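Reviewing the structure listed below.
The values are calculated or read from the model by the stated rules, or taken from the named source; none is laboratory data. Small disclaimer: the values here were computed from a predicted structure and weren't measured. Cβ placement follows ideal geometry from the backbone for every residue including glycine, while neighbour counts extend to all protein chains displayed.
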Amino acid sequence: MIAKKYFPDFEQKMIKVEDDIEINTFVGGKGNEVILLLHGHPESYLIWRGIASQLAQNYTVVLTDLRGYGDSSKPEGLEDHSNYSKRVMAQDQVTLMQKLSFDKFHIVSHDRGSRVAHRLILDHKEKVKTCCMMDILPTYDMYEQTNREFATKYWHWFFYIQPKPFPETFLGSDPDYFIRRNLLNKATGDAVKEMFPEDVLKEYIRHYSNPACVHAISEDYRASNTIDLEHDEIDRNKTIDTPLLVLWGANAVVGNIWNVLEGWQKFASNVSGFGIPDCGHFVPEEQPKIVLESLLEFLEKNKK
C-alpha cells in the first residue's frame, strides 16, 4: 500500500463527520502540539510525503483527503453547491479534529486546502493556533482581479465552474493525460520527474479515474464561484489575528501576477512569508526541504 511506503508510522482512519460523509485520515507523530495538513487539487494527502514524517518527530500530525478528493466521500453536489462550500469542507476538518480529541491545532495547507483553511480560520478562529497557506491569495480577490494571464494559465478555474456534466465529461475522458500534464507542466526545476514518482502519479490518476471524484472537484470549484463568494463578501472587513505564514512558488503564476505578502496583509495582522526559489505551483512536493525548514522556524516562533 502506497501509504505505508511514504507514511510508515501513520495510522489510517476513516472518520465520519456527517451521516453519509467519511474523511480519509492518517494520524502519526508525537507531541502535544498538533498539525493538520490540507492538500490541494488535483491531489490527496500524498502531497505531504516530503515533510509529514519529519514534522511527526516533534508534533502530532494529521493528514486528510478533503471532501470529494482522494478516498474521502464524494457526495453528489447540491443545486446551490453548498455541500462543497469551503464552510462545509472546513467544518469537516473541525469535526474530524474534535473526534480525534484535538481542540486546537496548527494548519499547514496548499492550494484548495488553503482555501478551506482560510474559511476555517474565519469561522473557527478559536481552533487555529497558526496557519501556513501555500500559493494562494483569497479566492474573492483572485476572481475580482482576474486578467488575461491568469485566465489563460488558470483556465481550469473557469472550465470547472460550467454546469454539469460539461466539465465532468471532458475532464474524466483521459485521467492519465490530465494528471501528468497538470502536475508536470506546473512544476519547475531540473528534477520534475523525481518530484512526482510514478507510483504517486498513478495514485492521483486512480482517484481522478473515478467519475465521482471529477464531479466532486468540479463542485468544489463551482462553490468557489458562487456560495463561497457570498460567504467571503460578508467577511471582507474581518481581520485575521492568527499568525500566518504564506509561501508561494517564485516561478508560479500567483506570485508572478500578485504581491502575495501584501495581498494577505490587507486581511491579517500577523503575516510573514516569501517566494520559494526554483519552485512552481506544487510547493510542498517541489521544495519540501525549504518548506519544512520554514515551517519549523515559524512554528517555533509562534509557540503559545
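Here are the numbers:
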| item | result |
| --- | --- |
| Among residues of the stretch 1-20, those that are modelled with pLDDT of 95 or more and either closer than 19 Å to residue 200 by Cβ or surrounded by 19 or more Cβ atoms within 10 Å (Cβ to Cβ) (or both), counted | 12 |
| Where a residue in the stretch 282-297 is closer than 18 Å to residue 39 by Cβ and its partner, wherever it lies, is among the basic types (Lys, Arg) and surrounded by fewer than 24 Cβ atoms within 10 Å (Cβ to Cβ), with Cβ under 7 Å and at least six apart | 282/186 |
| Residue 238 of a type in the set (D, E, K, R), loosely packed, with under 15 Cβ neighbours inside 10 Å and touching a Phe, Trp or Tyr at 6+ places or on another chain (Cβ under 9 Å) | yes |
| Tally of residues being under 19 Å from the mean Cα position of the chain (by Cα) and aromatic (Phe, Trp, Tyr) across the stretch 151-177 | 5 |
| Filter result for residue 285 (modelled with pLDDT of 95 or more, closer than 25 Å to residue 53 by Cβ, of a type in the set (D, E, K, R) and surrounded by fewer than 18 Cβ atoms within 10 Å (Cβ to Cβ)) | no |
| Residue in the stretch 54-63 that is nearest to residue 103 (Cα to Cα), counting only those that are of a type outside the set (Gly, Ala, Ser) and in a loop (DSSP other than H, G, I, E, B) | 59 |
| Considering residues of the stretch 141-184 that are more than 24 Å from residue 200 (Cβ to Cβ) and β-branched (Val, Ile, Thr) only, the residue surrounded by the most Cβ atoms within 10 Å (Cβ to Cβ) | 161 |
| Test: residue in the stretch 64-79 that is out of contact with any Lys or Arg (no Cβ under 9 Å at 6 or more places or on another chain), part of a helix (DSSP H, G or I) and touching a residue at least 60 places away in the same chain (Cβ under 8 Å) | no |
| Some residue of the stretch 95-102 being of a type in the set (Ser, Thr, Tyr), assigned to a loop (DSSP other than H, G, I, E, B) and surrounded by fewer than 18 Cβ atoms within 10 Å (Cβ to Cβ) | yes |
| From the options 38, 78, residue that is of a type in the set (A, V, I, L, M, F, W, C), at pLDDT 95 or above, within 20 Å of residue 215 (Cβ to Cβ) and out of contact with any Cys (no Cβ under 7 Å at 6 or more places or on another chain) | 78 |
| Residue that is nearest to residue 153 (Cα to Cα), among those in the stretch 185-194 that are more than 18 Å from the chain's Cα centre (by Cα) and surrounded by 13 or more Cβ atoms within 10 Å (Cβ to Cβ) | 188 |
| Positions within the stretch 80-93 being assigned to a helix (DSSP H, G or I) and within 15 Å of the chain's Cα centre (by Cα), in sequence order | 84, 86, 87, 88, 89, 90, 91, 92, 93 |
